[in-house]
1. Would you mind stating whether residue 356 is at pLDDT below 75 and in a helix (DSSP H, G or I)?
2. Does region 469-483 include one or more residues that are in a helix (DSSP H, G or I), modelled with pLDDT of 95 or more and surrounded by fewer than 19 Cβ atoms within 10 Å (Cβ to Cβ)?
3. Name the residues in region 221-242 that are among the hydrophobic types (A, V, I, L, M, F, W, C) and not in a helix (DSSP H, G or I), would you?
4. Can you pull out every residue in region 300-315 that is modelled with pLDDT under 75 and buried (at least 16 other Cβ atoms within 10 Å of the Cβ)?
5. Is it fair to say residue 457 is of a type in the set (Lys, Arg), over 30 Å from residue 64 (Cα atoms) and either modelled with pLDDT under 80 or over 19 Å from the mean Cα position of the chain (by Cα) (or both)?
6. Being part of a helix (DSSP H, G or I), modelled with pLDDT of 85 or more and open to solvent by less than 50 Å² (accessible area, probe 1.4 Å) is the filter here, so list the residues in region 368-383 that pass it.
7. Only one of 112, 107 is over 28 Å from residue 241 (Cα atoms), outside any helix (DSSP H, G or I) and touching a residue at least 60 places away in the same chain (Cβ under 8 Å). Can you tell me which?
8. With respect to residue 92, is the statement that it is surrounded by fewer than 24 Cβ atoms within 10 Å (Cβ to Cβ) and either basic (Lys, Arg) or at pLDDT 80 or above (or both) true?
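The values are calculated or read from the model by the stated rules, or taken from the named source; none is laboratory data. These numbers come from a predicted model, not from an experiment. All Cβ positions, glycine included, derive from the backbone under ideal geometry; neighbour counts span all protein chains shown. These area figures cover heavy atoms from the full protein model, side chains too; ligands, DNA and RNA do not enter into them. Shrake-Rupley method; radii C 1.70, N 1.55, O 1.52, S 1.80 Å.
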Amino acid sequence: MDSARLQPLDMALVAAYLIGVTVTGLWLTRGVKTSRDYFLAGKTLPWWAVGMSLVVSDIGAKDMVGLAADGYRYGLVMMNFDFIGCAFPVLAAAFLFMPFLWIAGVYTVPEYLGRRYNAAVRTFFALIWALFMMGTVGTILVSSAVMFEALLGWNFWWSVGITAIVVGLFTTTGGLKAVVLTDAISCVVLIVGASLICILGLHRVGGWEGLQATIGSLDWTAHHFHLVLPADHPAFPWPAVLLGLGFVLGPAYWIGNQAIVQRTLGAGSQNQARASFVFCAVLKLIFPVLLVLPGLIGLALFYNELGDPTGWDEGVGNRVLPLLVVNLLPTGVLGIVVGAFMAGVVANLDSYINSASTLVVSDLYRPLVRGRTDAHYLRVGQALVVVFLLAGVAFARIIQPVFGSVFEAFQTFMTFFQGPLLALLLLGMLTRRATSAGALAGMILGVGTAVVLNSARFLFGRDQGVSYLWVAWWSFVAAMGGAVVVSLLTRPYDEERLRGLVCWVPTGEEPQS
């Protein structure tokens, strides 16, 4: 695939963004003196910045590349990942679940699970979250590699190296505050860049009517303009979308995702944390169009080059967005969109790496290595940023041969544990009766179910696999069933043990430290 030729104006715009975001991140390192400053920004983050950071923590390079690929393959149904999987779960997180994490004074979701159940549950979910975040970093690096090859002619390792250096500089030194405030800049650039692709693409295909006519002429696109697909659809049947996405993946992502929760815990107050969720929900209403529409435009413009997705080899789908950028954008606009993509890469990477560092220090390292100074834990957290970047590189090399798109890879990784995580959070926060034995049983059954269902994809290929939406649903059902049955057979905790951890027995106080 030919690469784009950036003119001096384009290169100046890209350089301005990279320099600006790096300098801003480094400037924000001035106030980082303690681990609390590094991991929670000293609880000084403004609601608007947290809200914008929440958006780009969710929407980034993997989504720009992956949703364009899946929009090409499946059509408008991919918009449900925001319409169904975001709006209600974000509000539920803001007004029901977030207050209890805030009152508990925790740094991470596994830390809450440890207080509610026991150390074994905390350690298990900390380990599995760490592995998931390594995989997520890998998907983001794959996204950057395929785009930078098309945009700049860079090879895989050069793309990964530049990305890692830019992100590592301010994430290593500045912590959550640098991440969130640079994310706010990235959010604006991302919206502008994605909007330009949609506007210029629609103009090229003859508007919405031209887009429908071109895609409608193909013999395999009967459902591309439907949000709700038939129950026998192989990838996104409506029952799986409703149950797997609407009831499990969406809520689990916004309620229990460490990258999401950590930002809200860094806000100045509970009210500011709630406001950030609401602001995020409003901003997210525009992203289904901005991210899925390019896939339909790519189908209309490049079908003769990319062909029917049922015959795609590894990584072909990830070329949809690069082709749009290379062929649609004039000088000046190209520089803005390249900057927007880099914004997505930087925002996604810094979000997950900072959160992974927080989780490992808080839930794995600190419980094992007690009694060290706060400065020691701060240095360990900074060092782990480099470790996660290197681990992400290793994961990147195994993603493309298995998955049809980086978005599919990300969602599949989540299904290994999101169902059991949601089950334990719901039972832990909403009932007194859930016990540590029940949590362990639910965790083992849920994750085991996900592993068994996902194994078909890895053993027989993705065409023979179970839809990841069904994996999410049935792993949730298994975890919930196992946890309920075992909890009813074991002795519950007394009320004092649950104070501040269950919604029916609140403390009524916020932590002061």
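1. Numbers: at pLDDT below 75: no; in a helix (DSSP H, G or I): yes.
No, not satisfied.
2. Yes.
3. Going through region 221-242, the residues among the hydrophobic types (A, V, I, L, M, F, W, C) turn out to be 222, 225, 227-229, 231, 235-236, 238, 240-242.
The answer is 222, 225, 227, 228, 229, 231, 235, 236.
4. Initial filter on region 300-315 (modelled with pLDDT under 75): 311-315.
Passing the criteria: 312, 315.
5. Numbers: of a type in the set (Lys, Arg): yes; over 30 Å from residue 64 (Cα atoms): no; either modelled with pLDDT under 80 or over 19 Å from the mean Cα position of the chain (by Cα) (or both): yes.
No; evaluated as a whole, the condition is false for this residue.
6. Matches in region 368-383: 376, 380.
7. Values: 112 fails: outside any helix (DSSP H, G or I).
Going through 112, 107 in turn, just one is over 28 Å from residue 241 (Cα atoms), outside any helix (DSSP H, G or I) and touching a residue at least 60 places away in the same chain (Cβ under 8 Å): 107.
8. Details: surrounded by fewer than 24 Cβ atoms within 10 Å (Cβ to Cβ): yes; either basic (Lys, Arg) or at pLDDT 80 or above (or both): yes.
The answer is yes for residue 92.
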